[in-house]
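Engineer: The following block contains the structure, expressed as structure tokens.
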Amino acid sequence: MEAIESERLFLRPLTLEDDEFILQLLNTDGFIKYIGDRNVKTIEQAKNYLMNGPLKSYETNGFGLSLVELKTDRTPVGMCGLLKRDYLDHPDIGFACLPNYTGKGYASEIVKEIIDNGLNRLQMGKILAIVLPGNSSSIKLLEKVGFRYEKNFISPDTNEELCLYSIY
């Protein structure tokens, strides 16, 4: 997995050393409400999340969630990347930012770079996004960067209703 840059941000693969940041991000109210409680409450659980999630995805798929940092001082602000879910026929994009860094355009800036990388460099053909119907901020962001609504469906993982978006 290679690093990706945008005007203000740097995206790099996550490492086990990012455990404290992951512990913080996964326990924000927004992450728990709109993405889900990953039951990561300790540094050890954060390391396990990294090993069994992003790091495993890099090995298996050649892509995965990555750390988003400010270019100016390398402050971690969120994570973003492509995921491969068994119940979807194409990779989907995931993104999350710490509360202090939302509303500044960082998520849309890095999502655009991930889409460009996935469609053009990785030749994916199509990228999906799944979002809870009530997550209006993420829906607005997806539509802003060019995703189109396809349908609602029930997630086989969580049994929740989700909106499916796509871009190609």
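The numbers here are math on the coordinates, done by the rules we state, and not lab data. All figures in this text were calculated on a predicted structure; none of them were measured in a lab. Here the Cβ positions follow ideal geometry from the backbone for every residue, glycine too, while neighbour counts run over all protein chains shown.
Engineer: Run through segment 1-110 and list the chymotrypsin sites (Phe, Trp or Tyr not before Pro) located in a DSSP loop whose Cβ has at most 12 other Cβ atoms within 10 Å.
Structural biologist: Answer in residue order: TYR87.
Engineer: Using DSSP to call loops (not H, G, I, E or B), can you name the trypsin sites (Lys or Arg not before Pro) in segment 78-168 whose Cβ has at most 16 other Cβ atoms within 10 angstrom?
Structural biologist: Answer in residue order: LYS84, ARG85, LYS104, LYS126.
Engineer: In nm, to one decimal, how far is the modelled label at LEU122 from the one at HIS90, with both set 7 Å along Cα→Cβ?
Structural biologist: Those two pseudo-labels are separated by 1.3 nm.
Engineer: For LYS144, go through the lysines and keep the ones whose alpha-carbon is under 18 Å away, minus same-chain ones fewer than eight residues off.
Structural biologist: LYS104, LYS112, LYS126
Engineer: Note down the magnitude of the dipole of segment 43-103 about its Cα centre, charges +1 on Lys and Arg C-beta and -1 on Asp and Glu C-beta and zero elsewhere, to the nearest 20 debye.
Structural biologist: The calculation lands at about 100 debye.
Engineer: GluC sites (Glu not before Pro) within segment 60-168: which are DSSP loop residues with at most 14 other Cβ atoms inside 10 Å?
Structural biologist: GLU160
Engineer: By its C-alpha gyration tensor, with a ≥ b ≥ c as the square roots of the eigenvalues, how is segment 73-168 shaped: rounded for a/c under 1.5, else prolate for a/b larger than b/c, else oblate?
Structural biologist: Since a/c reaches 1.5 but b/c is at least a/b, the shape of segment 73-168 is classed as oblate.
Engineer: I'd like the FRET efficiency for THR158 and GLU20, computed as 1/(1 + (r/R0)^6) with the beta carbon distance as r and R0 of 30 Å, rounded to 0.05.
Structural biologist: Computed FRET efficiency for THR158 and GLU20 comes out at 0.65.
Engineer: Assuming R0 = 22 Å, can you tell me the calculated FRET efficiency for the pair LYS140 and LYS71, based on Cβ-Cβ distance, to the nearest 0.05?
Structural biologist: 0.35
Engineer: How charged is the neighbourhood of GLU69? Take every other residue with its Cβ under 12 Å from the Cβ of GLU69, and add Lys/Arg as +1 and Asp/Glu as -1.
Structural biologist: Residues near GLU69 contribute +1 overall.
Engineer: Let me ask something else about it. Could you grab the relative contact order for the chain? Cα pairs under 8 Å, six or more apart, rounded to a whole percent. Numbers along the way, then the final one.
Structural biologist: Values: 275 pairs, mean separation 29.7, N = 168.
Once divided by the residue count of the chain, the mean separation gives 18 percent.
Engineer: Scale the Cα Rg of the chain by the rule-of-thumb value 2.2 N^0.38 Å and send over the ratio, two decimals. Kindly include the intermediate steps, with their values, before the conclusion.
Structural biologist: Details: Rg = 14.9 Å, N = 168, 2.2 N^0.38 = 15.4 Å.
So the Cα radius of gyration is 0.96 times the expected 2.2 N^0.38 Å.
Engineer: Full extension from ASN27 to MET51: what is 0.36 nm times the residue separation minus their Cα-Cα distance, to one decimal in nm? Mind showing how you got there, number by number?
Structural biologist: On the way: separation 24, 0.36 × 24 = 8.64 nm, distance 1.79 nm.
Contour length minus the Cα-Cα distance gives 6.8 nm.
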